[in-house]
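What follows is a single structure, written as C-alpha cells, with notes after it.
The values are calculated or read from the model by the stated rules, or taken from the named source; none is laboratory data. Since this is a predicted model, take the numbers as computed values, not measurements. In this analysis, Cβ positions are derived from the backbone assuming ideal geometry, glycine residues included, and neighbour counts consider all displayed protein chains. We work out accessible area using only protein heavy atoms, side chains counted, and drop any ligands, DNA or RNA first. Shrake-Rupley method; radii C 1.70, N 1.55, O 1.52, S 1.80 Å.
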Number of protein chains: 2
Amino acid sequence: MGRIYNFAAGPSTLPLPTLEEASKKLVDFEGKGMSLIEMSHRGKIFDALHNETITLMKEIYQIPENFHILFLQGGATLQFGMVPMAFLKQGDTADFINTGAWAKKAISDAKIVGKINTIWDGKENNYTRIPAQNELKFTPGAVYAHLCSNETIGGIQWNYFPETGGIPLVADMSSDVLSRPIPWDKFGLVFAGTQKNLAPSGLALVVMRKDFAEKARQDLPAYLRYDQHIAENSLYNTPPTFVIWMMNLTLKWIKSIGGLSAIEKLRDQKSNMLYDAIDKSGGYYTNPVDKGSRSKMNIVWRMKSEEMEAKFISEATKQGLDGLKGHRSVGGMRASVYNAMPVEGIKALVDFMKHFMEKNG
Amino acid sequence: MGRIYNFAAGPSTLPLPTLEEASKKLVDFEGKGMSLIEMSHRGKIFDALHNETITLMKEIYQIPENFHILFLQGGATLQFGMVPMAFLKQGDTADFINTGAWAKKAISDAKIVGKINTIWDGKENNYTRIPAQNELKFTPGAVYAHLCSNETIGGIQWNYFPETGGIPLVADMSSDVLSRPIPWDKFGLVFAGTQKNLAPSGLALVVMRKDFAEKARQDLPAYLRYDQHIAENSLYNTPPTFVIWMMNLTLKWIKSIGGLSAIEKLRDQKSNMLYDAIDKSGGYYTNPVDKGSRSKMNIVWRMKSEEMEAKFISEATKQGLDGLKGHRSVGGMRASVYNAMPVEGIKALVDFMKHFMEKNG
C-alpha cells in the first residue's frame with residue numbers, strides 16, 4: 001500500500017528522508033568501503049558525525065552554553081534511576097509531581113534511592129490534568145523537582161513550566177522533546193528517549209546545566225557517572241552509532257524545514273486539527289482531558305462503546321492509519337503526533353474520523 | 001575502492017548479507033508501509049523478530065534451557081556495574097582475575113559496590129598471559145568469580161575455563177562471544193557487547209543461569225534489576241530495535257554458513273594464518289604474548305621501530321586493509337578477526353605482510 005501513516009506512541013514514524021538516506025548509505029558510507037555502523041567510534045568519520053550531532057542539537061534546540069549535551073543508552077528508564085543515584089544523596093529530598101504513568105516510574109525508582117516528596121498527585125482526577133502553579137508547594141531545600149512534561153498514556157502535557165523558587169527542575173521530555181522552545185534556565189537536567197521525536201530507539205538525550213552536573217556523585221559504577229560521560233563527550237564506552245547517525249539525519253531534516261519554530265507551528269496545526277475533529281463531533285468522539293492540559297503530542301479520545309472503538313481502529317488500520325489503539329491501561333484511541341508526522345497524515349485521519357461518524361453515527 | 005577489509009576492534013565488520021538485507025528493507029519492511037525501526041516494540045512484527053532472535057541465539061550458541069537470554073542496553077560497561085550491584089551484597093566477596101584492560105574496568109566498578117579479591121594479577125608480566133588452573137586460589141564462599149575471556153588490547157584469551165569448586169563464573173565475553181562452544185554449566189552469568197561479533201553497537205547480550213539469576217537484588221532502580229528484565233523478556237522498556245534486527249540477520253548468516261562449529265573452524269584458520277605469518281617472519285614481526293595465551297580474535301604484533309609500524313599501517317590502509325593500528329596504550333599493530341571477517345581478508349593481510357617485509361626487510 002505504499003507508505004502508511006504510523007501513529008504509534010514510540011518507536012514511531014521517522015522522517016522519510018532520514019530513512020532513505022540511511023538505506024542508501026547503509027552498505028557503503030560515502031565511498032569508504034564500509035558501513036558507518038562498522039566504523040570505530042574513535043575514528044575521524046564517526047567522531048565528526050558525533051560532534052556535528054551535538055552542535056546541531058545545541059543550535060536547533062537553542063541550548064545555552066552552560067549546558068552539557070549527552071547521548072546515553074538505556075532510554076529514559078535508566079535515567080529514572082541514574083538521576084536519583086547521582087543527585088539524591090543521604091539527607092536530601094527531591095520533589096516529584098505525579099501526573100501519570102511516566103511520572104510514577106520516576107517516583108518508583110527515586111523512592112528506592114532516597115527521600116522524596118510527591119508534592120502533587122493527579123490520582124483523584126484520574127490523571128486528566130496538569131497542576132496549576134498555585135497548587136505546587138515545593139519543599140524548601142529540595143535538591144531538584146521532577147516532572148514529566150508530557151504523559152503519553154493520559155494525553156496531558158505541561159503548557160508552562162513552574163516557578164520553583166530556585167529548585168532546579170528535572171524533566172522527562174521523552175515524548176515532547178524538541179517540539180517547542182524550553183526556558184532552559186529553569187532546568188538542571190532534561191532527559192528524553194529518542195524513539196518518539198528524534199531517532200529510533202536505543203538512546204537517551206540528556207541535557208544538564210553545568211553547575212547542576214557538578215553535584216553528581218562520582219562514587220558510582222562508571223556507566224552511572226554523569227561526570228565520566230561529560231569528561232569523555234559521551235564516548236566513555238561504545239555509543240549506539242546507528243542511532244546517533246539517524247538523529248544526525250533527523251536534526252538536519254528539522255533544520256531544512258525551518259527548525260524549532262517550524263516544528264512548533266506544525267505541532268499546533270496538527271493537534272488543533274485533531275482536537276477540532278473531536279470537539280466538533282457533537283460528542284461522538286470525546287477527549288477526557290482538562291482542556292488546558294491537552295497534550296499536543298498524544299491526542300486521546302473515546303467513543304460510546306468499546307465495540308465501536310474496536311471497529312474504528314480496525315477500519316482505520318485497513319486504510320493505512322496505523323497504531324491508533326490507546327494504551328491497554330486506558331483503552332480508547334490515541335494518535336501520537338510526533339515531529340515527523342506529516343500534516344497529510346492528520347488530514348487523512350480527520351477525514352477518516354468524519355466519514356466513520358457519518359457511516360456509523 | 002569497493003568493500004575494504006576492516007580489522008577495527010569494535011564496532012567492526014558485519015556480514016555483508018546483514019547490511020544488504022537491512023539496506024533493502026530499511027525504508028519499507030516487507031511491504032508493511034513503514035520501517036521496522038518505526039514499529040512499536042509491543043507489536044506483532046517486532047515481537048516475532050525479537051523472540052526469533054532469542055531462539056536463534058539459544059540454538060546456535062547451544063545455551064541450555066536453565067539459562068535466561070537478555071538483550072540490554074549500556075553494553076558491557078553497564079554490566080560491569082550491574083553485576084556487582086545485583087549480586088555482591090554486603091558481607092559477600094567476589095573473586096576477580098586481572099588479565100588486563102577490560103578485567104580492570106570490571107574490577108574498578110565492583111570495588112565501588114562491595115568487597116572483592118583479585119586472586120590473580122597479570123601486572124608483573126605486563127598482561128601477556130592467562131593464568132593456569134594451578135595459579136588460581138578461589139575464595140571459599142565467593143558469590144561469583146569474574147574473568148574477561150578475551151582481552152582485546154593485550155591480545156590474550158582464555159583457552160580453557162577454570163574449575164572454581166562450585167563458584168559461578170561471571171564472564172565478559174564481548175570480544176569472543178559466539179566464537180566457540182561454552183561449558184555453560186560453569187557460568188552464572190555471561191555478558192557481551194554486541195559490536196564485535198554479533199551486531200552493531202548499542203546492545204549487550206546477557207546469558208544468566210536461572211538459579212543464579214534468582215539471587216539478584218530487587219531493591220534497585222528498575223533498569224538495574226535483572227529480575228525485571230527477565231519477567232518482561234527484555235521488553236520492560238523500549239529495546240534498541242535496530243540492533244536486535246541486525247543481530248537476527250547476523251545469527252541467520254551464522255546458521256547459513258554452518259553455525260558455531262563452522263565459526264570456530266574459521267576462527268582457527270584465520271588466526272593460524274596470521275600467527276604463522278608472524279612466527280615465520282624471522283623476527284621481522286613479533287607477537288609479545290605467551291604462546292598458550294594467544295588470542296584468536298585480536299592478533300597483536302610489533303616491528304623493530306615505531307616509524308616502521310607507522311609506515312606499515314599507512315600502506316596497509318591505502319590497500320584497503322583498515323583499522324590495523326594497535327590500541328594507543330600499547331602501540332604496534334592489531335588485527336581484530338571477529339566472526340564476520342572473511343578468510344579472504346586474512347589472505348590479503350598476510351600477503352601484504354610478506355610483501356612489506358620483502359620491500360622493507
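Worth pointing out:
- Residue within the range B:183-201 that is buried (at least 24 other Cβ atoms within 10 Å of the Cβ), modelled with pLDDT of 95 or more and out of contact with any helix residue (DSSP H, G or I) (no Cβ under 9 Å at 6 or more places or on another chain) present: yes
- Among the residues of the range B:325-344, those identified as part of a loop (DSSP other than H, G, I, E, B) and either surrounded by 23 or more Cβ atoms within 10 Å (Cβ to Cβ) or not hydroxyl-bearing (S, T, Y) (or both) are B:G326, B:H327, B:R328, B:V330, B:G331, B:G332, B:V337, B:Y338, B:N339, B:A340, B:M341, B:P342.
- All positions within the range B:8-23 that are at the interface with chain A (Cβ under 8 Å from one of its Cβ atoms), assigned to a helix (DSSP H, G or I) and open to solvent by 10 Å² or more (accessible area, probe 1.4 Å): B:L16, B:E20, B:S23
- Screening A:A142, A:A94 for residues that are out of contact with any Cys (no Cβ under 7 Å at 6 or more places or on another chain) and within 14 Å of chain B (Cβ to nearest Cβ) leaves exactly one candidate, A:A94.
Table: residues versus (1) among the small types (G, A, S); (2) under 26 Å from B:L88 (Cβ atoms); (3) not in a loop (DSSP other than H, G, I, E, B).
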site: B:E163; (1), (2), (3): no, yes, no
site: B:A171; (1), (2), (3): yes, yes, yes
site: B:S174; (1), (2), (3): yes, yes, no
site: B:V177; (1), (2), (3): no, yes, no
site: B:I182; (1), (2), (3): no, yes, no
site: B:D185; (1), (2), (3): no, yes, yes
site: B:N197; (1), (2), (3): no, no, no
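- All told, B:H68 falls short of being within 26 Å of B:S261 (Cα to Cα) and either in a helix (DSSP H, G or I) or of a type in the set (F, W, Y) (or both).
- Residue identified as assigned to a helix (DSSP H, G or I), over 22 Å from A:Q73 (Cα atoms) and either among the aliphatic types (A, V, I, L, M) or modelled with pLDDT of 95 or more (or both) among B:I299, B:I254, B:I244: B:I254
- Residue satisfying all of: in the range A:24-59; within 10 Å of chain B (Cβ to nearest Cβ) and hydroxyl-bearing (S, T, Y); least open to solvent (accessible area, probe 1.4 Å) among these: A:S35
- Filtered by the rule that a residue be outside any strand (DSSP E or B) and open to solvent by 10 Å² or more (accessible area, probe 1.4 Å), the range B:88-97 gives B:K89, B:Q90, B:G91, B:D92.
- Members of the range A:268-277 found to be within 20 Å of the chain's Cα centre (by Cα) and either open to solvent by 20 Å² or more (accessible area, probe 1.4 Å) or modelled with pLDDT under 95 (or both), listed by number: A:D268, A:Q269, A:N272
- Within the range A:128-146, the residues that satisfy the criterion of being touching a helix residue (DSSP H, G or I) at 6+ places or on another chain (Cβ under 8 Å) and not aromatic (F, W, Y) are A:T128, A:R129, A:I130, A:P131, A:V143, A:H146.
- Contacts under 7 angstrom Cβ, first residue in the range A:343-361 being under 17 Å from A:M308 (Cβ atoms), partner in a helix (DSSP H, G or I) and charged (D, E, K, R), 6 or more apart: A:F356/A:E315
- Residue within the range A:119-130 that is without any contact (Cβ under 8 Å) to a residue 12 or more places away in the chain, within 14 Å of chain B (Cβ to nearest Cβ) and surrounded by fewer than 23 Cβ atoms within 10 Å (Cβ to Cβ) present: no
- Flag for B:K347 being of a type outside the set (D, E) and surrounded by fewer than 17 Cβ atoms within 10 Å (Cβ to Cβ): yes
- Qualifying positions in the range A:288-324 - in contact (Cβ under 8 Å) with a residue 24 or more places away in the chain, open to solvent by 60 Å² or more (accessible area, probe 1.4 Å) and either closer than 14 Å to A:H355 by Cβ or among the basic types (K, R) (or both): A:K296, A:R302, A:K311, A:Q319
- Of all residues in the range A:249-264, one or more are in contact (Cβ under 8 Å) with a residue 24 or more places away in the chain, buried (at least 20 other Cβ atoms within 10 Å of the Cβ), within 14 Å of chain B (Cβ to nearest Cβ) and within 27 Å of A:W158 (Cα to Cα).
- Yes/no for A:D211 being within 14 Å of another protein chain (Cβ to nearest Cβ), of a type outside the set (V, I, T) and more than 27 Å from A:N134 (Cα to Cα): no
- For the range A:223-248, the tally of residues that are open to solvent by less than 20 Å² (accessible area, probe 1.4 Å) and either closer than 21 Å to A:D47 by Cβ or hydroxyl-bearing (S, T, Y) (or both) stands at 16.
- When each of A:P200, A:P221, A:P240 is tested for being without any contact (Cβ under 8 Å) to a residue 12 or more places away in the chain and touching a Pro at 6+ places or on another chain (Cβ under 9 Å), the lone residue that passes is A:P221.
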